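Visitor: Submitted below is the structure of interest, expressed as structure tokens.
The values are calculated or read from the model by the stated rules, or taken from the named source; none is laboratory data. This one's a predicted model, so the numbers in the text were calculated from it and none came from an experiment. With ideal geometry, Cβ positions are generated from the backbone for all residues, glycine too; neighbour counts draw on all protein chains shown. Just the protein is used for accessible areas: all its heavy atoms, side chains included, with ligands, DNA and RNA removed. Shrake-Rupley method; radii C 1.70, N 1.55, O 1.52, S 1.80 Å.
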Amino acid sequence: MTLIYLFFLTLNQDFWENAQEKDLETILWELEELKDNPLDLNTAGLEELSKIPFLKPTDCLKIIGYRERYGEFESVDDLLKIKGFEKGLLELVRPYLTVNTRKIKWRGLHNSIRFQKELNSSEKFYTRTILNLNDYQIFLVTEKDPGESSFFDYYSTGVVVEEKQRKFALGNYNLDYGAGVMLSTLGSFFSGSDFRFLIRERGITPYTSTMENGGFFGAALSDTLLLNYCIFYSNQKLDGKVDTSGHAWSFDPSGIHADSAGLARKDRIREEIIGYYLNYKTKTFQLYQSTYWSAYEPTFVCRDSNNEFYGKDYTLTGIGGRYGGERFIVFGEFARSFASRLGCIFGWTGLLPYNFEFSLAGSVFNPGFYAPKGIEAKDDYLGLCIDFVQHSRIFNSGTTVNIYTNSLNDTTHYDLRLNFGRTIGFTETKLTFNWRYRQSYKISSGSKVSLRLQPRKPIYLDLRLQDKYLYGDSIKKGLFGGIEFGWSGALIGSKIGFGIYDTESYLTRIYVYEPDLPGVLNNRVAYGKGRYGFGYLMVKPLPKIVLHCKYAINEKDSLIHTLGFQAEIKI
């Protein structure tokens, strides 16, 4: 498995900012797999194309529609003939697509070693070894940070067996079972880009991780009998505190995550989950049902719940479906959580005449709806999301409107976002404006300007300016400015970045993507007043060896230097 260095050099910043609070390890895993096994543009269907997170459902529909109307693609560059496919998007998806090329399944040993240290402070150590033997994949991962002392705190190991439609996984790592309200570890469409993850089934996707609240012992089996099915079990240790009444909390009453208190609260909560997933699927139609049972020891308390109590165990069950036509996709899912709390999502996305794209999605949640491997809803939530995009020769434009109500305090919120984009030669410009209202009062606003210059294919320059304002008794502002220069060659890749920020409140914080060493995503949260910079270098001296190095500084209250190295070796 090749680490996806090109992915980190050409990352779509908006995508990750929208999903900054989600677990993105699954995306990394799938992209690494696709890098070694690119999809054939002339045979890939909707399910396969949607594995590329940079593609929206409408992008996948347009690829299939173009192929059916004009015949096979002659090269990946033919995607530029489709309305809405800009050069920047093409470069993002190029590593994961091919034309008339047989998939290559690499077999052998892949080893990665990473060392990262904040100078005069803590250090982090990471290794990943993957052994591929016919239908078997064997994993061994260690990921040590300063808060872990025992080897059992930071190791992860497991095996995956895949034979035709049957797949079995066993080990000390996370297992992603599917999508939707109950089983999507990437959340809901509330955060914009996550909408696409709710329309497809991922099945068993193991991703080795020993991050906080990450690794656990689990097993899963998927196969086909009368229906496609998956059964799974997990036994996870969570960080948390136990109060005087014997109840466990994953968060302090102040809202601070309990593991921030250090080793004293590590692995204090035991979570067991056992469940199944049934799926009937044709080329255009899919119907699925899932149920799982959860148990906590000691009794678990959750601050997101309306009554702050879930108890020792509970059951979740749900049913959902999807229908995909030539130019649209319809989906929906309904689930019942503990204490009869209900959750529902539904949506329609598709292509309209004259190069218009339209999406409409809605959701309804009772207070305290909770799915450990899916969506959580803090409040009584009724939401509607409308997304409208038009591609023309002059410029691309889009509008996103979110409307959601909270019956507990009888308020309605409105979010409005406008996007404009224009590509002229080697210059690509994007403008974004957004406003948020509570009832008839404006509570926040912001804007962002992004400019990419790519005079030649391996060289690019990115500029970004962003502001954010919070309205109340006084106006709080957040400002950011940054510049990045990169070279995205096949044998040598490099990136240098510098930025300054000035935010008057944590609520006006600005998320800034900064490439970390492969295998880790780093979304810097810029708040306060400071500056940061980094330099990243990738070198591929031999076909089987890739070396990475990164140096970063961040100056706010004090100046912090971080140095990291990573080596990948294939045998």
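Visitor: Given (1) crowded, with 17+ Cβ neighbours inside 10 Å; (2) within 24 Å of the chain's Cα centre (by Cα); (3) under 26 Å from LEU90 (Cα atoms), identify the lone condition not met by GLU428.
Guide: (2)
Visitor: Among the candidates ARG422, ARG436, ARG452, which residue alone is within 25 Å of THR405 (Cβ to Cβ) and under 27 Å from the mean Cα position of the chain (by Cα)?
Guide: Numbers: ARG422 fails: within 25 Å of THR405 (Cβ to Cβ); ARG452 fails: within 25 Å of THR405 (Cβ to Cβ).
Being within 25 Å of THR405 (Cβ to Cβ) and under 27 Å from the mean Cα position of the chain (by Cα) holds for just one of ARG422, ARG436, ARG452, which is ARG436.
Visitor: Does the range 375-382 contain at least one residue that is aliphatic (A, V, I, L, M), over 30 Å from ILE64 (Cα atoms) and open to solvent by less than 50 Å² (accessible area, probe 1.4 Å)? It would help to see each step written out before you state the result.
Guide: Pass one, the range 375-382, residues aliphatic (A, V, I, L, M): 375, 377, 382.
Cutting the leftovers down to over 30 Å from ILE64 (Cα atoms) gives us 375, 377, 382.
Keeping just the survivors that are open to solvent by less than 50 Å² (accessible area, probe 1.4 Å) gives 375, 377.
Yes - at least one qualifying residue is present in the range 375-382.
Visitor: Taking VAL539, is it within 18 Å of ILE492 (Cα to Cα), in contact with a helix residue (DSSP H, G or I) (Cβ under 9 Å, 6 or more places away or on another chain), hydrophobic (A, V, I, L, M, F, W, C) and open to solvent by less than 70 Å² (accessible area, probe 1.4 Å)?
Guide: Details: within 18 Å of ILE492 (Cα to Cα): yes; in contact with a helix residue (DSSP H, G or I) (Cβ under 9 Å, 6 or more places away or on another chain): no; hydrophobic (A, V, I, L, M, F, W, C): yes; open to solvent by less than 70 Å² (accessible area, probe 1.4 Å): yes.
Considered against the rule, which asks whether it is within 18 Å of ILE492 (Cα to Cα), in contact with a helix residue (DSSP H, G or I) (Cβ under 9 Å, 6 or more places away or on another chain), hydrophobic (A, V, I, L, M, F, W, C) and open to solvent by less than 70 Å² (accessible area, probe 1.4 Å), VAL539 comes out as no.
Visitor: Let me ask another. Across the range 82-100, what is the number of residues that are not charged (D, E, K, R) and not in a loop (DSSP other than H, G, I, E, B)? If you could, list the steps in order and put the result at the bottom.
Guide: To start, the set of residues in the range 82-100 that are not charged (D, E, K, R) comprises 82, 84-85, 88-90, 92-93, 95-100.
With the extra rule that they be not in a loop (DSSP other than H, G, I, E, B), the set shrinks to 88-90, 92-93, 95-98.
Counting residues in the range 82-100 that are not charged (D, E, K, R) and not in a loop (DSSP other than H, G, I, E, B) gives 9.
Visitor: Take the residues in the range 417-443 that are over 26 Å from TYR460 (Cβ atoms) and out of contact with any Lys or Arg (no Cβ under 8 Å at 6 or more places or on another chain); name whichever of them is modelled with the lowest pLDDT.
Guide: Residue satisfying both the conditions and the ranking: SER440.
Visitor: Something else about it: Regarding the range 51-63, can at least one residue be identified that is over 16 Å from PHE328 (Cβ atoms) and touching a strand residue (DSSP E or B) at 6+ places or on another chain (Cβ under 8 Å)?
Guide: yes
Visitor: Could I ask something else about it? Give the range 455-507 a look and list any residue that's of a type in the set (Gly, Ala, Ser), over 25 Å from the mean Cα position of the chain (by Cα) and closer than 19 Å to PRO95 by Cβ, or say none.
Guide: Answer for the range 455-507, where residues must be of a type in the set (Gly, Ala, Ser), over 25 Å from the mean Cα position of the chain (by Cα) and closer than 19 Å to PRO95 by Cβ: GLY489, ALA490.
Visitor: Another question about this same structure. Looking only at residues that are open to solvent by less than 40 Å² (accessible area, probe 1.4 Å) and either small (Gly, Ala, Ser) or without any contact (Cβ under 8 Å) to a residue 12 or more places away in the chain (or both) in the range 50-69, which one is farthest from LEU360 (Cα to Cα)?
Guide: GLY65
Visitor: Could you pull out the residue among GLU118, GLU123, GLU162 that is at pLDDT 80 or above, surrounded by fewer than 19 Cβ atoms within 10 Å (Cβ to Cβ), over 23 Å from the mean Cα position of the chain (by Cα) and among the acidic types (Asp, Glu)?
Guide: Working: GLU118 fails: at pLDDT 80 or above; GLU123 fails: at pLDDT 80 or above.
Being at pLDDT 80 or above, surrounded by fewer than 19 Cβ atoms within 10 Å (Cβ to Cβ), over 23 Å from the mean Cα position of the chain (by Cα) and among the acidic types (Asp, Glu) holds for just one of GLU118, GLU123, GLU162, which is GLU162.
Visitor: State which residue is modelled with the lowest pLDDT when the search covers only the range 191-240 and only residues that are small (Gly, Ala, Ser) and assigned to a loop (DSSP other than H, G, I, E, B).
Guide: Initially, the range 191-240 is screened for residues small (Gly, Ala, Ser), giving 191-193, 203, 209, 214-215, 218-220, 222, 234, 240.
Then drop every residue that is not assigned to a loop (DSSP other than H, G, I, E, B), which leaves 192, 203, 209, 214-215, 240.
On the way: GLY192: 38, GLY203: 70, SER209: 54, GLY214: 47, GLY215: 49, GLY240: 70.
Among residues in the range 191-240 that are small (Gly, Ala, Ser) and assigned to a loop (DSSP other than H, G, I, E, B), the one modelled with the lowest pLDDT is GLY192.
Visitor: Any chance the range 444-460 includes a residue that's under 25 Å from LEU384 (Cα atoms) and open to solvent by 50 Å² or more (accessible area, probe 1.4 Å)?
Guide: no
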